[in-house]
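Every number here is computed from the coordinates shown, using simple stated rules; none is lab data. Treat the numbers as computed from the prediction; the structure is a model and nothing was measured. Because the Cβ atoms are built from the backbone with ideal geometry, glycine has one as well, and the counts that use them run over all protein chains shown.
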Ligand SMILES: O=C(O)CCC(=O)C(=O)O
C-alpha cells in the first residue's frame, strides 16, 4: 500500500499528464499468474475477437477465471487512487483482457468517447469521468513495444469536425492523421506495472517487434453518484422510467 505522500504526488502527475505509471503494482507471482491465465483463456478459445490492428480481446475473464482476475479489481496498488478520486462512487465498468499475438499498431482512440459531450442541457446531471487501470504482464521497451499518449490530450477535446455528436470518431483515418501530428509521450510499462489514466485521453498501444509476447488487462472505472450504500429511504430496484 502506497503512503499518502506517494499517492498525492502520483495524483499530481495524473492531473498534469493524464496518466501515471505505478511501477511494480503486481507482485511477480500475480503477474505470472495473470499472464498464464490469459494465455489459457486464449487456448480455450474464449476470445471475443481479434481486430484488424492486432488486438485480441476477452470480456469473460471475471466470470470465467474470477480467482485470478477479481483481485485486479480495486487491487491494493490502485485502490488509494480510486478512493482519492471517486470516494465511495467508484464503480467497475468493465474488465477486459488483451493479447497482441502478432503485429500490433493500434488506432488512436479514447476509451470514453462521450466525455466531452456530456450534460450540456441537463443542469442537475453530474459529469462522468472514467479511469483506466491497465496492468501489463511483459516488459515493454524501445524496439519491443510501447503505449503512447497525446501530450496533454486529457485537456483538449478532439476537433468537432472529427467527431459525431455523441463523441465517436467520424473517420479512423482522419482521427489517426490528426493525432499522429500532435506531440506524444511514450510509456514503456514493465511486467507488473499498472498505468492509471483518464479514459478520455487519446492513446494507442503498439509493438515494434511483432514476435514478442504482449498482453494486459484493463479495468475501467467510472463514477457513480448514487453508489451502492448511499443512505436513501427507498431500496434500489434498477428500473428505468
Ligand atoms: O498498451 C496497449 O496496448 C493499449 C492499452 C489500452 O488501449 C488501454 O488500456 O485502454
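Annotations
- The residue list 39, 55, 51 contains one member that is closer than 26 Å to residue 208 by Cα and without any contact (Cβ under 8 Å) to a residue 12 or more places away in the chain, which is 51.
- Test result for residue 80, surrounded by fewer than 16 Cβ atoms within 10 Å (Cβ to Cβ), in contact (Cβ under 8 Å) with a residue 24 or more places away in the chain and outside any loop (DSSP other than H, G, I, E, B): no
- Restricting 141, 130, 166 to those that are in contact (Cβ under 8 Å) with a residue 40 or more places away in the chain, surrounded by fewer than 23 Cβ atoms within 10 Å (Cβ to Cβ) and within 21 Å of residue 62 (Cα to Cα) reduces the list to 130.
- Residue count for the range 101-142, restricted to those that are within 16 Å of the ligand (Cβ to nearest atom) and assigned to a loop (DSSP other than H, G, I, E, B): 16
- In summary, residue 213 fulfils each of the numbered conditions (1) away from the ligand (no atom under 14 Å from the Cβ); (2) loosely packed, with under 14 Cβ neighbours inside 10 Å with the single exception of condition (1).
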